[in-house]
C-alpha cells in the first residue's frame, strides 16, 4: 500500500471511531431543583417550593427526622410540597426523571 492510502485509511478509521467515544462517556447528573423553605407553622410543617424539570419527581428528605415527601413538578417545572420540620432541620431536595436521579440541594429550616 502506498503512503497516501495508509494515511487515508487511518483518517477514515479515526473519523468512524470518534463519534463512538461519546456513547461511552458518563452522562451529567440532573441539576438540583431550586428550593425555598418556609418557617414551620403551628403544626410543625414547612412548605418547600421551587422549580425543577417539567413533570419531574421532586423528593425532599428531612435528614434530622428521616421523614420525607415525594411530589411532582407541574408541566412548567413548578412544585410545592409540605414536610414536617423544626427550625434548624436540614432538608435535602432532589429531582428524578424516569430513573435518572439528580444532584441534591440542602436547605436549612429558618426561624419564623
With the calculation restricted to Cα positions, what are the radius of gyration and Dmax of the range 36-108 in angstrom?
11.7, 36
Label-point separation in nm, residue 45 to residue 66, each point 7 Å along Cα→Cβ:
2.3 nm
Taking 0.36 nm per intervening residue step and subtracting the Cα-Cα distance, what contour gain separates residue 80 from residue 111 on full extension?
9.2 nm
Evaluate the relative contact order of the range 36-108 (contact order divided by residue number), counting alpha-carbon pairs under 8 angstrom at least 6 apart; express in whole percent.
32 percent
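FYI, it's all coordinate maths here, none of it is from the lab. Worth saying up front: this structure is predicted, and the values here are computed from it rather than measured. Heads up, the Cβs are rebuilt from the backbone with ideal geometry, glycines too, and the neighbour counts pull from every protein chain shown.
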